[in-house]
1. Among the residues of the range 54-84, write down those that are among the charged types (D, E, K, R), under 17 Å from G106 (Cβ atoms) and surrounded by 15 or more Cβ atoms within 10 Å (Cβ to Cβ).
2. For the range 34-53, give me each residue that is of a type outside the set (S, T, Y) and open to solvent by 40 Å² or more (accessible area, probe 1.4 Å).
3. Between a first residue in the range 1-24 that is over 26 Å from N72 (Cβ atoms) and a second residue that is modelled with pLDDT of 95 or more and basic (K, R), which pairs have beta carbons less than 8 Å apart while being 6 or more apart in sequence or on different chains?
4. Would you confirm whether or not the range 94-103 contains a residue that is in contact (Cβ under 8 Å) with a residue 40 or more places away in the chain and acidic (D, E)?
5. Out of contact with any Pro (no Cβ under 9 Å at 6 or more places or on another chain), over 20 Å from V11 (Cβ atoms) and hydrophobic (A, V, I, L, M, F, W, C), is that true of F66?
6. Only one of these conditions is not met by Q4: (1) closer than 23 Å to T112 by Cα; (2) of a type outside the set (A, V, I, L, M, F, W, C); (3) part of a loop (DSSP other than H, G, I, E, B). Which number is it?
7. Taking G15, is it open to solvent by 30 Å² or more (accessible area, probe 1.4 Å) and either under 15 Å from the mean Cα position of the chain (by Cα) or at pLDDT 95 or above (or both)?
8. Residues in the range 30-58 that are outside any loop (DSSP other than H, G, I, E, B) and either free of Cβ contacts under 8 Å to residues at least 24 places away in the same chain or not charged (D, E, K, R) (or both): how many?
Amino acid sequence: VQLQASGGGLVQAGGSLRLSCTASGIFFRRFTAAWYRQAPGKQRELVAQITTNGDTSYEDPVKGRFTISRDNAKNTVYLQMNSLKPEDTAVYYCNTNDVFLGTYWGQGTQVTVSS
């Protein structure tokens, strides 16, 4: 099983980035997919998630700015991040989980937002 995340980088405040995470070795459409982030010195936190039915939820700090989506044909989950702020700086991790099939993590991609 492998989750390969990409799309991170350095961007100025107010800019946008799109993260992608492609899964292999699992039946992706059976899993809820999510993005987490971990800033230096802080615990990893949930950012957004999307269910197998396409229902989405977001944590308050990113509501209205981030959009999570998935393409089951490509085994990929996306995170469109707009109006980025310096406090969004973190390593972003993709995650897939199912109560019966297990939980898997990607390797993380760095997002740095300069002020």
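1. Residue satisfying the conditions is R70 alone.
2. Hits for the range 34-53 are Q38, P40, G41, K42, Q43, R44, E45, L46, Q49, N53.
3. A13/K85
4. Scanning the range 94-103 turns up at least one residue that is in contact (Cβ under 8 Å) with a residue 40 or more places away in the chain and acidic (D, E).
5. When the stated conditions are applied, F66 does not pass them.
6. The single condition Q4 does not satisfy is (3).
7. No.
8. 15
The values are calculated or read from the model by the stated rules, or taken from the named source; none is laboratory data. Quantities reported herein were computed from a predicted structural model and do not represent experimental measurements. Cβ sites come from the backbone with ideal geometry, for glycine too, and all protein chains shown count toward neighbours. What goes into the accessible areas is simple: the full protein's heavy atoms, side chains included, and nothing from ligands, DNA or RNA. Shrake-Rupley method; radii C 1.70, N 1.55, O 1.52, S 1.80 Å.
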